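Worksheet: one structure, shown below.
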Amino acid sequence: MIVEGGCHCGMVRFEVRLDGPEVELLDCDCSICRMSGHLHLIVPDTRFRLVEGMGETTTYRFGTGKARHIFCKQCGIKSYYRPRSHPEGISINWHCLDEGHGLTARIVPFDGVYPA
């Protein structure tokens, strides 16, 4: 199944291909995820497609610099990014999926504060 999503202003849009309606979300306790409320739907690179907005994003790195936090330049929302914990994947922000996607989620705590 394919679900779509994007940032608040709509300049950044993506599609993600999933196996089914049941997904696992990681609830990371690192400083940026805790403060922003990002719930991670991790998918392989091959299942993610940026539809619009490549030129409309900016990247923020902190700590080890391994994670690439990608924000819309217009509205500031991080709808997806490349996480340190899953370098071959993309983390989709659950809250940025379009309504009516039909997915059911199981939330799992994730230790994102572990040493680099």
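The values are calculated or read from the model by the stated rules, or taken from the named source; none is laboratory data. Not measured: the values here are computed from a predicted model. Virtual Cβ from ideal backbone geometry, glycine too; neighbours counted across all protein chains shown.
Is it the case, given these coordinates, that residue 54 is within 17 Å of residue 4 (Cβ to Cβ) and free of Cβ contacts under 8 Å to residues at least 24 places away in the same chain? Please lay out each step first, then the result.
Numbers: within 17 Å of residue 4 (Cβ to Cβ): yes; free of Cβ contacts under 8 Å to residues at least 24 places away in the same chain: yes.
Answer is yes for this residue.
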What residue, among those in the range 29-51 that are free of Cβ contacts under 8 Å to residues at least 60 places away in the same chain and charged (D, E, K, R), is nearest to residue 73 (Cα to Cα)?
49
Of all residues being over 14 Å from residue 81 (Cβ atoms) and not in a strand (DSSP E or B) in the range 1-17, which is modelled with the lowest pLDDT? Just the residue, please.
1
Residue that is surrounded by the fewest Cβ atoms within 10 Å (Cβ to Cβ), among those in the range 90-116 that are under 22 Å from residue 64 (Cβ atoms) and more than 10 Å from the chain's Cα centre (by Cα):
115
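Identify all residues within the range 63-116 that are β-branched (Val, Ile, Thr) and touching a strand residue (DSSP E or B) at 6+ places or on another chain (Cβ under 8 Å); write none if there are none. Let's see the steps before the verdict.
Restricting attention to the range 63-116, the residues satisfying the condition of being β-branched (Val, Ile, Thr) are 64, 70, 77, 90, 92, 104, 107-108, 113.
Scanning the range 63-116 gives 70, 77, 90, 92, 104, 107, 108.
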Taking the condition surrounded by fewer than 17 Cβ atoms within 10 Å (Cβ to Cβ) and over 16 Å from residue 3 (Cβ atoms), does residue 61 pass?
yes
